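Comments concern the structure below.
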Amino acid sequence: MSNSDFNPRDSFGSKFGIIAAAAGSAVGLGNIWKFPYVAGQNGGGAFLVVYLLFILAIGLPVMLSEFSIGRRAQRNAIGSFKKLGPGTPWYLVGVMGVAAAFLILSFYSAVAGWTLEYITKSVTNAFAERDENELNQMFVSFISGTWRPLFWQLMFMALTAWIVAAGIKKGIEKYTKVLMPLLVIMIVVLCVRSVTLPGAIEGLSFLFKPDFSALSADAVLSALGQAFFSLSLGMGTLITYGSYIRKNDNLSGTVIQVSAADTIIAIMAGVAIFPAVFAFGIDPAEGPGLVFITLPNIFQQMPGGYFFALVFFILLSVAALTSSISVLEVVVAYMVEELNLARKRATVLATVMISVLGVFCTLSFGVMSDVSLFGMVFFDLMDFTASNLLLPLGGCLIVLFVGWYLGPGPSRREISNEGEIKLGYFPVFMFLVKFVAPFAITLVFIYGLGLMRL
Ligand code: PFF
């Protein structure tokens, strides 16, 4: 018997379901598309070391804070702050999170739409016999078009909405339980293929041999930003998911497993990509095109490439989908609980509004490419505002809320399941939450402002 038998609120029905859904949120385009190219641009090994440090010192405490707020309050991102900090302006942290969800999904769905197009390109063997320039041209002419990228973006939004509309146990949990293990199997296949290529060792040493002389201040700050985005922190996604975790489940155990899954998959994405990049003489600092331009080139040059390209782009779409449903859920849970809308109606409303924003993101590579604000096209503006401003600020306020406003009492009770679980590490958690995490997150925020002045 589950919580929802007693409680009108939906919840995850099993421990594995929680892990799959939360890890599904964390693992996405951020790991597979962004991590390799950001690591590639920032020197590889040394970037990885700093990234791992940030996951440990900041990612874990922020994630535990989000889960504990959500499960204690049993509400959505805004409602949780209203309940735990009644009569205070803390609920604005949740408002910022819902706003960030709108912005993130508008550009995330654009890139996710590209992955769907690339599945069809793989099916029709469109990469065969094409060199780097032709593949580059293929990518640019696709993203700068109007109807094709819009079609795929809207398809992706419809898929996301379909899963979210079905609710927690029948929707999110059911699909992520199947999709996540599939994802891991696909990456393992790709890693095996990549590390058995001639010259693979160079790619592995790029990723695993730190050269700290190549590490700039910029790289350190991008590692922090990447850790943040990759773990889905700072906008109440994990507050919302935390509210669906049952009271007898172990929060810190879930945090460790989700962060480990996210980190291992990012590293596996690196292992799948860098050896191949080096084996075929591609520049590891290629940038955001690494996946969409370089990989098809690599795939079509290797035996079995048709199959591997198909597997890879299915994998990328699956990863994007399990993340996008968590972003949409932030908005839908808010509308259902605070605005009293029916779940299906809320899902449709949120999807339509986000899709309108999303259309502008997609068109900013084509017909709207010369429309810019603060020197950024619409796509970049959404990404910048959400990732560099709203997430760091939100994350900083979340740990301040737990560390200074709520204080140790309620947090200890929630995390220990009202005293059932021993928490030897609790003073370390409080220290990280009160001092270390806010300080480091402030750095990310300053970095964002620094970018704005460029
Ligand atoms: N963590 C996701 C990724 O790495 O692709 C992106 C994301 C999902 C960010 C949910 C923020 C969020 F709330």
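Being closer than 18 Å to Arg130 by Cβ, buried (at least 24 other Cβ atoms within 10 Å of the Cβ) and in contact with a Gly (Cβ under 8 Å, 6 or more places away or on another chain) is a condition met by no residue of segment 261-275.
Here's the yes/no breakdown for (1) away from the ligand (no atom under 13 Å from the Cβ); (2) of a type outside the set (D, E, K, R); (3) over 29 Å from Ala100 (Cβ atoms); (4) in contact with a Phe, Trp or Tyr (Cβ under 9 Å, 6 or more places away or on another chain):
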site	(1), (2), (3), (4)
Phe229	no, yes, no, no
Met235	no, yes, no, no
Arg246	yes, no, no, yes
Thr254	yes, yes, no, yes
Phe274	yes, yes, yes, yes
Phe280	yes, yes, yes, no
Glu286	yes, no, no, yes
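Please name all residue pairs, on different chains or six or more residues apart, with Cβ atoms under 7 Å, provided the first residue is in segment 229-258 and is in contact (Cβ under 8 Å) with a residue 60 or more places away in the chain and the second residue is within 16 Å of the ligand (Cβ to nearest atom) and basic (Lys, Arg). The qualifying pairs do not exist here.
Scanning segment 140-176 for residues that are modelled with pLDDT under 90 and buried (at least 19 other Cβ atoms within 10 Å of the Cβ) yields a total of 7.
Residues in segment 374-398 that are more than 16 Å from the ligand (Cβ to nearest atom) and either of a type outside the set (Gly, Ala, Ser) or within 17 Å of the chain's Cα centre (by Cα) (or both): 6 in all. When Gly40, Gly45 are checked against the criterion of being buried (at least 22 other Cβ atoms within 10 Å of the Cβ), more than 23 Å from Ser243 (Cα to Cα), in contact (Cβ under 8 Å) with a residue 60 or more places away in the chain and not aromatic (Phe, Trp, Tyr), a single residue qualifies: Gly40. In segment 82-99, the qualifying residues are those that are of a type in the set (Val, Ile, Thr) and under 23 Å from Val327 (Cβ atoms), and the one that is surrounded by the most Cβ atoms within 10 Å (Cβ to Cβ) is Val93.
The residue that is nearest to the chain's Cα centre (by Cα), counting only those in segment 77-135 that are more than 29 Å from Gly145 (Cβ to Cβ), of a type in the set (A, V, I, L, M) and more than 16 Å from the ligand (Cβ to nearest atom), is Leu92.
Against the list (1) within 14 Å of the ligand (Cβ to nearest atom); (2) farther than 18 Å from Ile187 by Cα, the condition Ala319 fails is (2).
Restricting the search to helices (runs of 4 or more DSSP H) fully inside segment 183-268 and requiring at least 3 residues that are on the phi > 0 side of the Ramachandran plot and touching a Lys or Arg at 6+ places or on another chain (Cβ under 8 Å) gives an empty result.
Determine whether Lys34 is over 26 Å from Leu423 (Cα atoms) and surrounded by fewer than 21 Cβ atoms within 10 Å (Cβ to Cβ). Judged against the criteria, Lys34 is not a match.
Check whether at least one residue in segment 391-399 is crowded, with 17+ Cβ neighbours inside 10 Å, in contact with a helix residue (DSSP H, G or I) (Cβ under 7 Å, 6 or more places away or on another chain), within 18 Å of Ile172 (Cβ to Cβ) and at pLDDT 95 or above, and report yes or no. No: segment 391-399 contains no residue that is crowded, with 17+ Cβ neighbours inside 10 Å, in contact with a helix residue (DSSP H, G or I) (Cβ under 7 Å, 6 or more places away or on another chain), within 18 Å of Ile172 (Cβ to Cβ) and at pLDDT 95 or above.
Looking across segment 119-133, just one residue is of a type in the set (Ser, Thr, Tyr) and surrounded by 14 or more Cβ atoms within 10 Å (Cβ to Cβ), and that is Ser122. In segment 314-321 there is at least one residue that is touching a Gly at 6+ places or on another chain (Cβ under 6 Å) and at pLDDT 85 or above.
Look at (1) of a type in the set (S, T, N, Q); (2) surrounded by fewer than 16 Cβ atoms within 10 Å (Cβ to Cβ); (3) in contact (Cβ under 8 Å) with a residue 60 or more places away in the chain and you find that Asn136 fails only one, number (2).
Output yes when any residue across segment 380-398 is in a helix (DSSP H, G or I), free of Cβ contacts under 8 Å to residues at least 24 places away in the same chain and aliphatic (A, V, I, L, M), and no when none is. Yes; the residues of segment 380-398 include at least one that is in a helix (DSSP H, G or I), free of Cβ contacts under 8 Å to residues at least 24 places away in the same chain and aliphatic (A, V, I, L, M). If the condition is being more than 16 Å from the ligand (Cβ to nearest atom) and touching a residue at least 24 places away in the same chain (Cβ under 8 Å), then segment 322-350 contributes Val336, Glu337, Glu338, Arg343, Lys344, Thr347, Val348.
The set of residues in segment 20-64 being of a type in the set (S, T, N, Q) and either in contact with a Lys or Arg (Cβ under 7 Å, 6 or more places away or on another chain) or away from the ligand (no atom under 16 Å from the Cβ) (or both) consists of Gln41, Asn42.
The values are calculated or read from the model by the stated rules, or taken from the named source; none is laboratory data. Owing to the predicted nature of the structure, the values given are computational and were not obtained by experimental measurement. Note that each Cβ is placed from the backbone with ideal geometry, even for glycine, and that neighbours are counted across all protein chains shown.
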